[in-house]
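J.: The structure that follows is given in the form of structure tokens.
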Amino acid sequence: MLARWSALTVTLTSALALSGAAEAAVRYSFKIPAKARSEALIDVGVQARVTLGGAAACPGRGPAIEGKLTLNEALQRLTAGAPCEFRILDNATVLVRPAHPAPPPAPPPAPVPHGVVRTETVAALDGVVVAATKRGGRLNATAGGVSVISASKLSDTGAIDTTGISQQTAGFITTNLGAARNKIMLRGLSDGTFTGRTQQTVGTYLDNIPLTYNAPDPDLRLIDVDRVEILRGPQGALYGGGSLSGVYRIVSRKPVMDERSGSVLIGGAVTESGSPSSRIDAVANLPLVEGRAAVRIAGYSDVDGGYVDDVNLRLSNVDRTTRRGGRAAIKMMLGASWSATLSGARQDLHATDSQYTTPDLGGQKRANQVRETHDNVLQQGALNVNGSGDWGRFESSTGYVRHQFASRFDATAALEGANAAAVGVGLFDEASKVRLFVEDAVLSSPERGRLRWLVGLYALTSTEDTDGELRARTTLVPSRLIYLEARRDKRRELAVYGEVSYRLGDGWSINLGGRSFDTKVRTSSNVVSPPPGQSRGTEREAGFDGFSPKASLQHEWANGGLVYLLTSEGYRSGGFNSGGLVAPSALRASFKPDHLRNYEVGGSFHLLDKRILLRAALFHDVWTDIQTDQYLSSGLSYTANVGNGRNTGLEVEGAFQVTPRWSIEGNALFNRPRLTKVDSNFASAAQSELPGVPDVSAGLMTRYERDLALDRRLVMTAEAAYVGRSRLTFDRRFSPSMGGYVTGRLSAAVEGPTWEVTLAVTNPANASSDTFAYGNPFSFGQVRQVTPLRPRTWSLELSRNF
């Protein structure tokens, strides 16, 4: 066996070495007019289909580049005589940085933890390349509501999960049921605050692989991340079902060839009137075969201390959450401009209890009969193969996701309502296991000439097994079965999609795209519910197909500004209800597909010699047959179509480089999400707003840095976020109000050449506003439920790069 492994290693090493010989021969057709070097470098990256970072480090004006050149030749011509240098890390990544002057050598800039290069100026934001469009393009030349949060900004703001992201982009709202239990809502498009059988409205991706179908957001830890990309508005043409209001995409950092590096971070936090928290991160990048293969590994372990007391159970700080996981990737160069990356990720999250409170008890308290635990395990494997050349670019992404999650709820209140004398304690346990396989292959044209195109093939199969069990402890029976359901949902989706772009001239271009899809759904269920309930079995299947179009017209000015008109659509397939103590009525036995049309006008603008960048969009959305997850009086869930809705709004994001060391960024969403036509089963929702999304939300961040003695640097940040008031449900008569609060974070970091120390405080005003007026479906409506902001928390972190 050892001899075979050695022979395989020698063969692989030889093949990788031979494949490198052809790499330098790959030539691309470049056509770039003379312009600012930073902009020309971005154009090189777009036309050669590589990720290029740090373009803002290369000032001045560059020459025109035209003809068939290798990537190295094009970069050499652009950077000749400029105070910058480049490094081609692999076939898909280029790093540009300031050139180190001749002796005496200048010390290298202080690195950011986990190897991030700081270029987070307004000029750098203008050069960000967005890959979520599946063809790549500059952020400020992309039509639609798009945001990119860089690794350096994630580090500055301490954002390590979805909650941290929500404050940094316009209209990004999450519920606050607890880690890995939450729901993401974009651009004021909410189908309700509960999570059940409906497919999510926001597609969550790790690189090119979707992580969920109808599960809550897994709250994947943002460690060793290159950037986070957010597309707002329906993305049905490129991403299909489940992207009805947008896409949230985490882009991981890839292995770097011929680099041996690593980092470690340790931290601790103290929450007022709560338990302490801790955090440990580690990242390593190692070369395997010189110039041809490398591996990158990241791991983490977090503990978030609790702050809620349960007076019935006589326990303090019950809501403790632990999160452990990691990621590993191996990248191999396969030939001339071809590479393959094999990656895997796993996260285990355990919450000892939920985090809602009962205001009548005063403070951060509630009174339950049992601990409401939650476990969430996400595993993902992926293979990405991509190549590019003068002919264009091809990328295949194959992934497998295994997601298991389980929750327990105190169901005593609901059972007591049915039989007050008989029930001591009620328990509801629900467990789901999702297995998802996906393939997405995209072929796109070169970035030259007037006509550009892409075509993609997509296939998804998923199986979800869900078990729900409701039991009661009575005076006569220690454990009496009230309800038990075993359900399996199988889905298959096939799609072909494409997009064509034509440059009309004088900066104008038109884009047309669409997706033809075919979806099959099959549901089987077996329910055991002793009298007066109904035991039964269900077998149902259905098919859904259609076409989701997209079209835009845009004009780009020579200085990089953009205006556009856009229309796009999103959709979700229908499905079946099977739960409840008795069989669903004919009206509730199934739910229909829903559909959203988006009409949008927007642009990006540069002011004060590009010291100010502004992106804005005015949109109008029409949503028909809105699917929503609701609860029966028993506390069990079902899905229905509540009616039609619409939302008209304005979203704004901006950045202002006040001085070279001081910058300000802000975002805001002003909108009116409303129901316009209500299904007869939801008469009480007439003229209601969409739940869980406020009419106004906004965020503001400022950053200041200055150099200190002994090669050190001080970086200070301040953040504030406002979430307006909203209602929990569609029912205007009984729905509690929530939101209407301001929260924030202050931080100060001292950075050395290879280390950083950060002191931060979140919720500095120690506000206790209600972020989410819900926690338990079995006592909802009987006991007021409030999820307050986490109390003021002080944290201290130390990181070291190697």
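J.: By how many nm would the segment from S278 to V496 lengthen if fully extended, with 0.36 nm per residue of separation less the alpha-carbon distance?
T.: On the way: separation 218, 0.36 × 218 = 78.48 nm, distance 4.61 nm.
Separation in residues times 0.36 nm, less the Cα-Cα distance, equals 73.9 nm.
J.: Run the 1.4 Å probe and let me know the accessible area of R87, rounded to the nearest 10 Å².
T.: Here the accessible area works out near 80 Å².
J.: At a Förster distance of 41 Å, what's the computed FRET efficiency of S301 paired with R784, Cβ-Cβ distance as r, to 0.05? If you can, show how the numbers build up before the last one.
T.: Working: r = 36 Å, r/R0 = 0.87.
That gives a FRET efficiency of 0.70.
J.: So what does R661 come to for accessible area, using a 1.4 Å probe and Å² rounded to 10?
T.: Accessible area of R661: about 90 Å².
J.: Between K520 and T659, how many nm apart are label points set 7 Å from Cα along the C-beta direction?
T.: With each label placed 7 Å out from Cα toward Cβ, I get 6.6 nm.
J.: Let me ask you something else. Residues in region 493-535, backbone N under 20 Å from the label point at A542 (7 Å along the Cα-to-beta-carbon vector): list them, ranges by number please.
T.: So the set is 493-495, 517-527.
J.: Now for a different question. Peptides 719-731, 220-232, 306-318: what's the order by average Cβ count within 10 Å, highest mean first? Write down the numbers at each step before the final one.
T.: Values: 719-731: 20.6, 220-232: 23.5, 306-318: 18.4.
Highest-to-lowest ranking by the protection proxy: 220-232, 719-731, 306-318.
J.: Could you work out the helix-only [θ] at 222 nm for the chain, with each DSSP H run of four or more residues adding -39,500 (n - 2.57) and the total divided by the number of residues, to the nearest 500 deg cm²/dmol?
T.: Values: 8 runs with 68 residues, N = 802.
That calculation yields -2500 deg cm²/dmol at 222 nm.
J.: Quick one: helix 2-21 against the long Cα principal axis of the chain, what's the angle to the nearest 10°, folded into 0 to 90?
T.: Computed tilt is about 50 degrees.
J.: Still on this structure, please answer the following. Between K592 and D390, what FRET efficiency follows from the Cβ-Cβ distance if R0 is 60 Å, with the result rounded to 0.05?
T.: Values: r = 48 Å, r/R0 = 0.80.
Result of the calculation: an efficiency of 0.80.
J.: What angle do you read, to the nearest 10 degrees and between 0 and 90, between the alpha-carbon axis of helix 37-48 and the longest principal axis of the chain?
T.: It works out to around 70 degrees.
J.: Rank-order 354-367, 582-595 by packing density, defined as the average count of other C-beta atoms within 10 Å over each peptide's residues, highest first. Display every interim value, and only then the final one.
T.: Working: 354-367: 19.4, 582-595: 16.4.
The packing order, highest mean first, is 354-367, 582-595.
J.: Put a dot 7 Å past each Cα toward the Cβ at L443 and V696; how far apart are the dots in nm?
T.: That separation, rounded to one decimal, is 5.3 nm.
J.: Still on this structure: Give the Kirkwood hydrodynamic radius (Å, one decimal) of region 167-241, defined as one over the mean of 1/r across all pairs of different Cα atoms.
T.: Mean inverse Cα-Cα distance, inverted, gives 13.3 Å.
J.: Using the C-alpha gyration tensor of region 389-475, what are the square roots of 5 times its eigenvalues, in whole angstrom, with the largest one first? Mind showing how you got there, number by number?
T.: Details: eigenvalues 598, 31, 13 Å².
One finds semi-axes of 55, 13, 8 Å for region 389-475.
J.: Now, a different point. Pairs of Cα atoms under 8 Å, at least six residues apart: use those to get the relative contact order of region 138-296, whole percent. Please list the in-between numbers first.
T.: Working: 296 pairs, mean separation 30.3, N = 159.
Averaging sequence separation for qualifying contacts and normalising by length gives 19 percent for region 138-296.
J.: If the cut-off is a Cα-Cα distance under 25 Å, which lysines reach K153, setting aside same-chain residues fewer than 8 apart in sequence?
T.: Partners within reach: K134, K183, K254, K610.
J.: Just the number, please: carbon plus sulfur as a percent of the accessible area of region 314-443, 1.4 Å probe, no ligands or DNA/RNA counted.
T.: Working: 2750 of 5000 Å².
Roughly 55 percent of what the probe reaches on region 314-443 is carbon or sulfur.
J.: Something else: Only Cα pairs under 8 Å and at least 6 apart count here; give the relative contact order of the chain as a rounded whole percent. Each step should come with its number before you reach the end.
T.: Numbers: 2343 pairs, mean separation 92.7, N = 802.
Taking the mean separation of contacting Cα pairs over the length of the chain, I get 12 percent.
J.: Here's something else I'd like to know. Among the lysines, which have Cα under 19 Å from the Cα of K490 when same-chain residues fewer than 8 positions away are ignored?
T.: K433, K520, K592
J.: Please list, in chain and number order, the residues 5+ apart from T212 or on another chain whose amide H is under 5 Å from its amide H, with Hs placed from the backbone.
T.: The list, which skips near neighbours in sequence, is T204.
J.: Which option, [x] 1.31; [y] 1.70; [z] 0.96, is the value of Cα Rg over 2.2 N^0.38 Å that was calculated from these coordinates?
T.: It is the one labelled [z].
J.: Can I ask one more? Between L457 and A367, with labels modelled 7 Å along Cα→Cβ, what's the label distance in nm to one decimal, could you check?
T.: 6.3
J.: Can you order the peptides 59-67, 637-645 by their average number of other Cβ atoms within 10 Å per residue, highest first? Working shown, then result.
T.: Details: 59-67: 14.6, 637-645: 21.4.
The most tightly packed comes first, giving 637-645, 59-67.
The values are calculated or read from the model by the stated rules, or taken from the named source; none is laboratory data. Worth saying up front: this structure is predicted, and the values here are computed from it rather than measured. Here the Cβ is made from the backbone with ideal geometry for all residues, glycine too, and neighbour counts use every protein chain on show. Side chains are part of the model used for accessible areas, which takes the heavy atoms of the whole protein and leaves out ligands, DNA and RNA. Shrake-Rupley method; radii C 1.70, N 1.55, O 1.52, S 1.80 Å.
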